[in-house]
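Report on the structure given below.
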Amino acid sequence: MPDFLLAYQSLFAFIGINGLLALSVYCTLCCGQLSLANAGFMAIGAYAGAILTQNFHAPFGLAILAGTILPAVFAVPLGLPVLRLRGVFLAIATIGFGEVVRLAFVNWDYTNGALGLVAIPQKTGLWTIWLALAFALYVLGRIRGSRPGYALEAIREDEPAARTMGIATTRYKVSMFALGAALAGLAGVLEAHLTFMVAPNGYGFSRAVDMLVYAVVGGTTAFYGPVIGAAFLTLLPELLRGGGQALGLAPGPLRLFLNGAILLAVILFVPNGLASLPAAMQIFRPRRPPRSAALR
Amino acid sequence: MQQAINGIFLGSIYALFAVGYTLVFGVLDILNLAHQAVFMLCAFAALTLVGQWGMHIALALPLAAALGGILGLVLERIAFRPLRGRSDSNISGLISSLAAATIFEAIALQLFGPDVSRFPFGSFPDRPLHLGHATVSALQLTIVAISVALMAILTALLRATPLGRRIRAVAENPRAARILGVDVDRIIAWSFFISSALGGAAGVLFGLAFNSVSPDVGRSIELKGLAVIILGGMGSVTGAVIAGFAIGILEVFTVARIGSSYRDAVSFAVLFLILLVRPRGLLGQAATREA
Amino acid sequence: MPLSVEKVERAFGGVRALDGVTFTVGEGEVHGLIGPNGAGKTTLLNVVSGLLRPSGGTIRLGEHRIDGRPAHQIAARGIARTFQNIRLFAGLSAAGNVIVGEHLVRKAPLWRRMLLLPAARAEEKAALDAALLVLARVGLRERAFDTASALSYGEQRRVEIARALARSPRVLLLDEPTAGMNAAEVAAVEKLIREVAAEGRSVLLVEHNVRLVMEVSDRITVLNFGKVIADGEPEEVARDPAVIAAYLGADT
């Protein structure tokens with residue numbers, strides 16, 4: 001068993017990181033907002049952490065803290081005006097934000113512009129990542145079914161109606177936006193200290209789309225759905241890599257194609273994501289109607 | 001003066017691209033994020049036709065545009081139509097188009113590799129002409145002429161033909177249009193065809209203009225396109241045209257005065273400013289805030 | 001605390017949906033709001049509950065002005081409502097919907113739940129029990145855990161009422177609560193309205209069921225084309241020639 005773990009260590013590490021990223025997107029999806037800003041927040045967290053450990057020899061813990069909190073701080077002034085916009089416009093504004101962040105880093109000489117930083121001390125262990133993921137899952141799981149959790153659900157379904165029940169919708173949306181930013185930043189710091197490097201082009205629009213794909217494919221009705229999506233879409237290209245090469249398919253395009261094709265299949269046929277499949281399949285087994293939990 | 005000409009040149013391509021974007025949004029209320037992928041694929045198509053099959057560019061352009069139109073039809077049928085009845089169709093449509101864009105990009109990456117490809121030397125006669133103090137190449141003039149012509153044809157189509165009237169009817173109120181006997185499905189298909197054909201044409205022209213085609217060429221113009229349609233107003237073709245030229249000129253002047261690293265900053269600045277101050281844009285009508 | 005609406009105006013482009021609407025609903029009063037289709041009744045409820053801003057006039061709850069304030073603040077002052085086209089949270093159960101309705105009266109700090117404290121558990125149980133109680137009041141206790149979208153039309157309307165009552169509001173705005181209900185359900189809603197008013201709450205009832213409104217209201221305001229054309233006790237309003245003309249003339 002330990003051998004298996006060692007051999008696939010990096011794969012598990014990336015599943016963990018992608019899981020965190022998927023959860024960061026879930027934060028805004030669960031209250032009905034489609035945000036593509038999290039790659040930008042991830043970049044902020046990654047750079048912040050990397051600068052601290054590389055240039056200031058700060059302890060890793062501090063870097064993690066900074067990388068998690070700083071994006072959340074940025075998220076609030078961005079979120080307040082932008083979360084008032086309707087779905088499509090919000091998506092566009094967040095795409096814009098992501099690009100602004102990327103370009104800012106490309107043009108920032110202190111961090112070597114487009115080349116980014118290399119030789120970042122490798123401090124991220126597999127356990128660090130999975131601990132972070134477990135923590136994120138715990139927090140989001142506890143939010144579900146709590147008073148704010150009900151409020152978020154209401155906002156997602158019908159925001160004006162939620163407001164007439166006294167729910168301060170903007171405050172909740174901005175909070176989840178900031179929480180998502182924090183999780184994305186956390187993933188960023190951890191990844192930077194795993195792959196030794198940060199570069200602006202690793203945090204562009206494609207990254208943001210990847211995260212969204214994980215969350216949507218996994219499904220956002222359950223709080224653990226996005227992690228399932230991340231695991232599935234991180235594993236699949238690896239499993240198919242051999243077969244792909246036999247067919248002459250390069251790994252990059254193959255992964256991209258799988259992401260796109262699976263996302264399309266999910267959005268068309270299983271819109272609630274893979275995590276909803278077990279419940280959907282119960283239709284084929286006649287039994288007494290499932291008793292919804294008090295929450296749903 | 002030279003800057004103005006360069007700006008018009010750039011703007012004409014932005015405008016042509018954005019016009020297709022906004023047409024689909026006006027009709028379907030969905031942002032088709034695969035538009036830029038069609039743009040990119042058609043650029044590659046023209047490149048292949050000219051570079052590998054030795055076709056003349058005058059023939060390759062309409063063929064590539066036609067390919068764009070067909071891709072648009074495929075997109076509509078597979079990625080958008082099945083989602084039509086759903087309550088969250090705006091968001092799921094967006095995601096669906098993202099999926100399609102990703103698939104198109106993957107195909108392009110596999111077929112053409114990630115590097116920049118160029119048109120073979122001499123694909124297009126490139127004589128410099130002089131207008132007063134400014135220099136402009138025959139290529140640039142032709143591109144502007146073609147863009148403007150296509151946009152003029154589109155405007156005429158929308159205003160004066162039965163098809164155009166039906167498209168506008170569906171854009172205004174699909175249910176009323178259906179009651180009045182309009183075949184809404186076919187009109188939507190037509191809109192996609194036209195939109196993607198124009199987007200494809202814009203791609204070919206872009207490839208010619210900068211003589212550089214790569215799979216991420218769509219990404220770079222996508223942001224500009226978004227800024228243009230937001231500025232012009234979602235759903236307004238005229239708005240897109242005006243805004244396209246405006247942003248093109250603005251960008252060129254910014255690069256000339258401030259520096260080339262800020263070229264993209266212009267689009268984003270415009271984007272955020274408009275979204276925060278007047279999300280409707282210049283001529284748009286879509287509701288932009290939550291109820 | 002009476003709800004007073006004074007000269008409220010609301011225009012959409014050139015159309016005056018509400019034109020100088022004035023009336024008052026006292027504590028414990030059931031106030032009917034009727035009028036032909038398009039008279040502005042739902043617009044008025046939207047303005048009072050804060051989903052729309054008035055273009056003019058004032059709305060007060062007691063001495064507090066609430067016109068133009070954000071909807072969630074108006075709700076916090078004690079105004080709750082139902083919707084004409086039923087806006088339940090379809091993915092939640094009936095009980096879940098009512099629990100959302102309890103939002104303002106729950107005291108459930110998140111950190112307690114994060115730390116798995118028994119106090120959090122106890123509060124959640126209390127919230128569920130309270131929701132079940134309200135559902136029992138509208139006769140839907142057995143359907144509490146069914147998904148809202150699985151309920152019949154009439155049942156959904158009753159859940160909406162329960163959701164509005166969940167936080168013991170001072171003012172209850174009901175927008176066509178009995179549309180699509182059978183006679184037994186309508187009678188039950190009538191009884192409920194009387195009980196709610198007897199508890200000292202104000203009820204503003206928009207309805208097309210004229211018989212129900214006549215029976216249960218203490219006063220009635222009649223709107224037509226955004227203007228008040230009659231205001232008074234049910235018998236007076238029923239005899240008012242302007243009201244009769246409006247109903248006969250309009251293609252209801």
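Between the listed residues C:Gly101, B:Val74, B:His56, the Cα displaced farthest toward the positive end of the dipole of the protein assembly as shown, a dipole computed from Cβ unit charges relative to the Cα centre, is found at C:Gly101. Shown here: the stretch B:2-277, whose C-alpha atoms stretch 57, 45, 34 Å along the first, second and third principal axes, sorted largest to smallest. Sorting A:164-175, A:225-236 by average packing, meaning the other beta carbons within 10 Å per residue, from highest down gives A:225-236, A:164-175.
An ellipsoid equivalent to the protein assembly as shown, defined through the eigenvalues of its Cα gyration tensor, has semi-axes of 51, 35, 24 Å when rounded to whole angstrom and sorted largest first. Looking at B:Val38, B:Thr155, B:His130, which one has the Cα that reaches farthest to the positive end of the dipole of the protein assembly as shown (charges on Cβ: Lys, Arg +1; Asp, Glu -1)? The one lying farthest along the dipole's positive direction is B:Val38.
Computed over chain B with a Gaussian network model linking Cα atoms closer than 10 Å, the most mobile of B:Ala152, B:Ala201, B:Ala227 is B:Ala152. Quick one: grab the alpha carbon gyration tensor of the stretch A:2-202, order the square roots of its eigenvalues as a ≥ b ≥ c, and give me rounded if a/c is under 1.5, else prolate or oblate depending on whether a/b is larger than b/c. Taking the square roots of the gyration eigenvalues as a ≥ b ≥ c, the stretch A:2-202 is oblate.
Rounded to the nearest 20, the size of the Cβ-charge dipole of chain B about its Cα centre is 660 debye, with Lys and Arg at +1 and Asp and Glu at -1. Under a 5 Å amide H cut-off, with hydrogens placed 1.01 Å from N, C:Ser93 pairs with A:Arg296, C:Ala148 among residues at least 5 apart or on other chains.
Put simply, the amide H of C:Gly35, placed in the peptide plane, has neighbours under 5 Å in C:Leu223, leaving out anything fewer than 5 places away on its chain. Selection among C:Ser149, B:Thr22, C:Tyr247 by position relative to the dipole of the protein assembly as shown gives C:Ser149 as farthest towards the positive end (Cβ unit charges, Cα centre). In plain terms, the residue of C:Val206, B:Val204 with the fewest other Cβ atoms within 10 Å comes first and the most crowded comes last, giving C:Val206, B:Val204. By the rule of a C-alpha distance below 25 Å, with chain neighbours fewer than 8 residues away ignored, the lysines paired with C:Lys191 are C:Lys41.
A cut-off under 9 angstrom between Cβ atoms defines the neighbours of C:Ala108, and their net charge, with Lys, Arg +1 and Asp, Glu -1, is +3. The phi torsions of the stretch C:7-21, fed into the Karplus equation with coefficients 6.51, -1.76 and 1.60 and a -60° offset, translate into couplings of 6, 6, 10, 8, 10, 10, x, x, 8, 8, 6, 10, 9, x, 6 Hz, rounded to whole numbers, with Gly and Pro shown as x. Shape verdict for the stretch B:1-76, please, from the Cα gyration tensor: rounded (a/c under 1.5), prolate (a/b greater than b/c) or oblate. Oblate is the answer for the stretch B:1-76, as a/c is 1.5 or above yet b/c matches or exceeds a/b.
Computed from backbone phi with θ = phi - 60° and the Karplus coefficients 6.51, -1.76 and 1.60, the 3J(HN,Hα) list for the stretch B:187-195 is 5, 5, 4, 4, 4, 5, 4, 4, 4 Hz; x is used for glycine and proline.
Only DSSP H runs of four or more residues enter the estimate; each adds -39500 (n - 2.57), and after division by the residues of the protein assembly as shown the mean residue ellipticity at 222 nm equals -20000 deg cm²/dmol. How about the stretch A:25-68: which chymotrypsin sites (Phe, Trp or Tyr not before Pro) there lie in a loop by DSSP and see at most 12 other Cβ atoms within 10 Å? Passing both the DSSP loop test and the Cβ count: A:Phe56.
Taking a point 7 Å from the Cα of B:Ala149 along the Cα-to-Cβ direction, the residues of the stretch B:23-59 with backbone N closer than 13 Å to it are B:58-59.
Panel order for C:Glu6, B:Glu76, C:Glu142, by other beta carbons found within 10 Å of each beta carbon, from fewest to most: C:Glu142, C:Glu6, B:Glu76. Geometric descriptor of the stretch C:89-163, per residue, is 84 Å³ (volume of the convex hull of the Cα atoms).
Start at zero, step by 10 Å, and the Cα-Cα distances of the stretch A:40-82 spread as 33, 45, 18, 4 percent across the bins.
Relative to the Cα centre, the charge distribution of chain C, modelled as +1 at Lys and Arg Cβ and -1 at Asp and Glu Cβ, gives a dipole magnitude of about 1120 debye. The residues B:Tyr21, B:Tyr262, when put in order of fewest to most other Cβ atoms within 10 Å, stand as B:Tyr262, B:Tyr21. Sequence-ordered 3J(HN,Hα) estimates for the stretch A:8-24 from the Karplus curve with 6.51, -1.76 and 1.60 and θ = phi - 60° stand at 9, 4, 5, 4, 5, 4, 6, 4, x, 5, 5, x, 4, 5, 4, 5, 5 Hz, glycine and proline given as x.
Taking amide H as placed 1.01 Å from N in the peptide plane, the amide H of C:Lys227 sits under 5 Å from that of C:Asp19, each at least 5 places away or on another chain. Under the rule a/c < 1.5 gives rounded, and otherwise a/b versus b/c splits prolate from oblate, where does the stretch A:103-149 land using the Cα gyration tensor? Judged from the Cα gyration tensor, the stretch A:103-149 comes out oblate (a/c at least 1.5, b/c at or above a/b).
Values quoted throughout were computed directly from the atomic coordinates according to the rules given, and no laboratory measurement underlies them. Since this is a predicted model, take the numbers as computed values, not measurements. Positions of Cβ are backbone-derived with ideal geometry, glycine not excepted, and every protein chain shown enters the neighbour counts.
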